[in-house]
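Have a look at the structure below before the remarks.
The values are calculated or read from the model by the stated rules, or taken from the named source; none is laboratory data. Since we're looking at a predicted model, the values are computed, not measured. Positions of Cβ are generated from backbone atoms using ideal geometry, with glycine treated the same way; all protein chains shown enter the neighbour counts.
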Amino acid sequence: MAEPMNEERFWDSTPRLRHVRAFARAKQAGPWAALGCVLARVSANVPPNIVIPAYVGAWQGSLNCYVALVGKSGGGKGLADGVGEALVPLATGIKTQPASGESIPSLFARRVIDEGETKGRPTYHLECWNHSALLDVTEISTLGAAMSRQGSTLLGTLTAAWSGETLGARNKNDADTLEAPRYGYRLSLIAGVQPENARILEREAATGLPQRFLWFDVLDRECPDADRLPAPPAGEFGFDPERFKPYRPTPIDLNGLYQHGSANAYRDENGTPLYMLHELTYPDTARLWLKQDGVNRLRDTRAEDMDGHTPALLLTVAGLLALMEQRDELLTVTEDDWRRAQYIVQRSQQYRTQALADGRRGRRRASAQTKADDRLADVQAAELIEAEYLGRAKRSVVNQLERHDPKREGLAGSHIRQLLGRNGPRAYRALTELYTEGKVDKIGPDDMETSATLWALAVTPPQ
């Protein structure tokens, strides 16, 4: 029996995983975040007709990959993405940002007017101009804003795209048709997620969006000291997108798929499929695990850290690990790949749980700070108001003494209080402060109550 997987065994289990961690540490990027970017880019390079067998659901599964890089602003998401780009450049496809749900099919499909003579209105057909896209979401709040717009279809489109479902719709009017069919596109996504903004994904848990992501921390708490920073590893990473060339669909294949709408409909006159799908092969261990998970699902006995998307996520990660390694049997997923995938998904779930918990704590702290600031602001406002009222009372005391005691014989504090009218409640405090400031004098004994003491304006010394 294989030894239980741990951090060191995982990273040392293949030369390419060692290369990812070594290169990330040389660039002072988080190794797990860098691995997430590598897997997303491997996915973007894999032809869309390389698929997962229909172990989960009725259709062959997709290798589309979504990655959430968790960290503070400026925490290293860009560094991790840079490591991914250096190790696995995009050989085909485009890198862009999602604008709306409707814009995603347009990353792959376009309408082309039919050539030749047409009577009346022109007719159109669909064409695949690109079959791979990597969505770069620098900050998840941007994605959240786009998803929250009234009438937005972005959330539904992203969840459907992860599963490889057909995107867009066919309409009666050919000119309005824009559809990217199942198995005809590859879509990967890398998003930066600050813990405080993780709720943007968390609140879509009912749709399964956060469960579709691989979550990785941008930090590396075991990183080398500054004076021991390693050099980049020797040699090349070795990932070669051209290894997929024998499986890659031709433009004619893709256009035929897009025009027919599905691989099942795209057949010759003898019923032979014309759009070929290439299935990965998984070990018995994976198939047995999936069967047991099906039993657990039906009996409602799944572990707490399991959810409905975990099986598909495991299949995707194991497939991408095998395709990253590019062994001689290119489409074969080994038991070791499956074990590594289980460890990756386990770490992802841990990072997701931690990110969501950190986000909730951060929001509570922010809410508490806001409430504290509001209470302090109320206290300060009250103090400012009281100071203004007291200033008015002091000015009124001076005015009343000038008016009613021009000879400085003194007025009783209680009398002054009556003269102040609305400012009367503050008369005694005003008199005390004016006395301290040397602006009024006491006439007579100094130990009498403020109300009984006679008060007069202080004599201004000669200049």
task = Count, please, the residues in the range 6-27 that happen to be buried (at least 17 other Cβ atoms within 10 Å of the Cβ) and farther than 16 Å from Val38 by Cα.
result = 1
key: Which listed residue is closer than 30 Å to Ser262 by Cβ, touching a helix residue (DSSP H, G or I) at 6+ places or on another chain (Cβ under 9 Å), hydrophobic (A, V, I, L, M, F, W, C) and not assigned by TED's automatic domain parsing to the domain that holds Leu214, from Ala322, Ala341, Ala357, Ala286   = Ala341
request  = Considering only the range 416-432, state which residues are surrounded by 17 or more Cβ atoms within 10 Å (Cβ to Cβ) and part of a helix (DSSP H, G or I).
outcome  = Ile416, Arg417, Leu419, Asn423, Arg426, Ala427, Tyr428, Ala430, Leu431
Verdict on Ser132 being within 16 Å of Asn64 (Cα to Cα) and over 13 Å from the mean Cα position of the chain (by Cα) = yes
task = Kindly indicate which of Ala341, Ala312, Ala318, Ala357 is at pLDDT below 90 and not hydroxyl-bearing (Ser, Thr, Tyr).
result = Ala357
request  = Out of Gly76, Gly93, report the one residue that is farther than 22 Å from Thr316 by Cβ and touching a residue at least 12 places away in the same chain (Cβ under 8 Å).
outcome  = Gly76
inquiry  = Out of everything in the range 293-309 that is within 22 Å of Arg352 (Cβ to Cβ) and among the basic types (Lys, Arg), what residue ends up being modelled with the highest pLDDT?
reply    = Arg297
inquiry  = So, in the range 422-461, exactly how many residues are farther than 15 Å from Glu386 by Cβ and aromatic (Phe, Trp, Tyr)?
reply    = 2
inquiry  = Quick check on the range 308-336: of everything there that is touching a Gly at 6+ places or on another chain (Cβ under 8 Å) and of a type outside the set (A, V, I, L, M, F, W, C), which residue is surrounded by the fewest Cβ atoms within 10 Å (Cβ to Cβ)?
reply    = Gly308
message = I need the helices (runs of 4 or more DSSP H) fully contained in the range 1-59, keeping only those with at least 2 residues that are closer than 22 Å to Leu277 by Cβ and either assigned by TED's automatic domain parsing to the domain that holds Ala161 or modelled with pLDDT of 95 or more (or both).
response = 31-45
inquiry  = Which pairs turn up if I take residues in the range 154-166 that are assigned to a helix (DSSP H, G or I) and look for partners that are surrounded by fewer than 17 Cβ atoms within 10 Å (Cβ to Cβ) and among the polar types (S, T, N, Q) with beta carbon separation below 8 Å, at least 6 apart in sequence or on another chain?
reply    = Leu154/Ser100; Leu155/Thr207; Gly156/Thr207; Thr159/Thr207
request  = For Ala355, state whether it is among the aliphatic types (A, V, I, L, M), without any contact (Cβ under 8 Å) to a residue 24 or more places away in the chain and in a helix (DSSP H, G or I).
outcome  = no
inquiry  = Given the criterion hydroxyl-bearing (Ser, Thr, Tyr) and outside any loop (DSSP other than H, G, I, E, B), identify the matching residue among Thr142, Thr92.
reply    = Thr142
request  = Please give the helices (runs of 4 or more DSSP H) falling wholly within the range 177-269 in which 1 or more residues are acidic (Asp, Glu) and in the same structural domain as Val112 (by TED's automatic domain parsing).
outcome  = 199-202, 251-260
key: Only one of Arg302, Arg340 that is in a helix (DSSP H, G or I) and basic (Lys, Arg)   = Arg340
ask   = What is the residue count in the range 89-129 for residues that are touching a strand residue (DSSP E or B) at 6+ places or on another chain (Cβ under 8 Å) and over 20 Å from Asn64 (Cα atoms)?
value = 11
remark   = Taking the range 411-449 and keeping residues touching a helix residue (DSSP H, G or I) at 6+ places or on another chain (Cβ under 9 Å) and at positive phi leaves Gly421
note = In the range 275-289, residues that are within 30 Å of Asp253 (Cβ to Cβ) and not in a loop (DSSP other than H, G, I, E, B) total 5
